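All of the numbers you see were taken from the coordinates with simple rules; none came from a lab. Just so it is clear, the model here is predicted, and its values are computed rather than measured. Methodologically, a virtual Cβ is constructed for each residue, glycine included, from the backbone with ideal geometry; neighbour enumeration extends over all protein chains shown.
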Amino acid sequence: MFLKEVVVQNQVGLHARPATFFIQKANEYKSSIWIERDERKANAKSLLGVLSLGVTKGVSITISADGPDEEEAVNSLIELISSDFS
């Protein structure tokens with residue numbers, strides 16, 4: 001299990017288009033990947049799950065992964081969020 005915390009700085013947070021990019025990136029990895037906000041946790045490979053967390057600008061989230069490429073998966077998702085999804 002590998003995890004990291006990040007603050008979402010994107011103007012719209014993890015909504016619609018950024019969430020789609022996030023999920024596409026998460027699905028490139030074999031590991032199980034989870035996104036957590038406060039006490040709520042969702043599958044990072046599920047659009048409905050990610051959107052249900054209601055992640056907006058300035059919100060801190062934790063991304064965790066468990067599997068053969070867990071560290072690479074978490075780091076690439078953190079990088080995607082930090083790059084403002086570009």
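Here the convex hull built on the C-alpha positions of the range 2-82 has a volume of 69 cubic angstrom per residue. The residues Val74, Val8, when put in order of fewest to most other Cβ atoms within 10 Å, stand as Val8, Val74.
Within the same chain, aspartates and glutamates fewer than 8 places from Lys4 are excluded, and of the rest, those with a Cα less than 13 Å from its Cα are Glu36, Asp66, Glu70, Glu71, Glu72, Glu79. Any chance you could give the angle, 0 to 90 degrees and rounded to 10, that helix 70-82 forms with the longest Cα principal axis of the chain? That works out to roughly 20 degrees.
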